[in-house]
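Asker: Can you keep this structure in mind? I'll have questions shortly.
The values are calculated or read from the model by the stated rules, or taken from the named source; none is laboratory data. Small disclaimer: the values here were computed from a predicted structure and weren't measured. Glycine gets a Cβ as well: all are built from the backbone with ideal geometry, and neighbour counts include every protein chain shown.
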Amino acid sequence: MTAWRMLKNRLPTCDNLRKMKILLNDEESKCFECGMQEESINHLFLICPKTDEVWNEVQKWLGVATVRPNHFEKHLGTFTSFGKEKKIRNLLLAIWVGCIWILWKKRNERRFSGKEWNCKNFVLEIKIRLWSWNRIFEIVDDGMDLEVWCSNDLICKLL
Ligand SMILES: [Zn+2]
């Protein structure tokens, strides 16, 4: 599972490839989105300006505001701490894992196919994909329709 591999810092990001002497060139190991820093787990999923914009939009959707730690496990801990109830925490965990998974997918599409993406479409994709996941996990009542699910301040609507 991607999240597990990531927590072990084992995704083939550029910094990890460099450690294995696979990418040697400074330019080749830079983030494909911003080109400013070496691509690492923390940069790709938490720090990159484009990723930061994604998390801002996701927090707007959920209706939660916080400073986001730059450390992977702390980021997850803070993100799920918004849920006082277990079912909300499970939902936040699913959303967090979903975001990481789609960020990795977008990174690979950009890296290998040159396909660009934007933050607005990313957040829409997250909402729609997770709508089906969350139905499976029965976290949200069956009565909630997609329009309400996609609207901002989601957590308030679930309480
Ligand atoms: Zn970047």
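Asker: Just a yes or no: is a residue in segment 28-44 touching a residue at least 40 places away in the same chain (Cβ under 8 Å), away from the ligand (no atom under 16 Å from the Cβ) and either over 15 Å from Leu11 (Cβ atoms) or β-branched (Val, Ile, Thr) (or both)?
Answerer: Checked against the condition, which is being touching a residue at least 40 places away in the same chain (Cβ under 8 Å), away from the ligand (no atom under 16 Å from the Cβ) and either over 15 Å from Leu11 (Cβ atoms) or β-branched (Val, Ile, Thr) (or both), segment 28-44 yields no hits at all.
Asker: Quick check on Lys106: is it under 26 Å from Ile155 (Cβ atoms) and among the charged types (D, E, K, R)?
Answerer: yes
Asker: Right, here's the next one. Does Gly77 satisfy the criteria of being within 16 Å of the chain's Cα centre (by Cα), surrounded by fewer than 14 Cβ atoms within 10 Å (Cβ to Cβ) and more than 15 Å from the ligand (Cβ to nearest atom)?
Answerer: Against the criterion (within 16 Å of the chain's Cα centre (by Cα), surrounded by fewer than 14 Cβ atoms within 10 Å (Cβ to Cβ) and more than 15 Å from the ligand (Cβ to nearest atom)), Gly77 qualifies.
Asker: Something else: Considering only segment 87-120, state which residues are farther than 19 Å from Lys74 by Cβ, basic (Lys, Arg) and in a helix (DSSP H, G or I).
Answerer: Selection gives Lys87, Lys105, Lys106, Arg107, Arg110, Arg111, Lys120.
Asker: Taking the condition over 30 Å from Glu28 (Cβ atoms) and within 13 Å of the chain's Cα centre (by Cα), does Ile88 pass?
Answerer: No, not satisfied.
Asker: Got at least one residue in segment 112-135 being among the hydroxyl-bearing types (Ser, Thr, Tyr), away from the ligand (no atom under 16 Å from the Cβ) and surrounded by 12 or more Cβ atoms within 10 Å (Cβ to Cβ)?
Answerer: no
Asker: Give me the residue from segment 4-60 that is buried (at least 16 other Cβ atoms within 10 Å of the Cβ) and of a type in the set (Gly, Ala, Ser) and, out of that set, modelled with the lowest pLDDT.
Answerer: Among those residues, the one meeting the criterion is Ser29.
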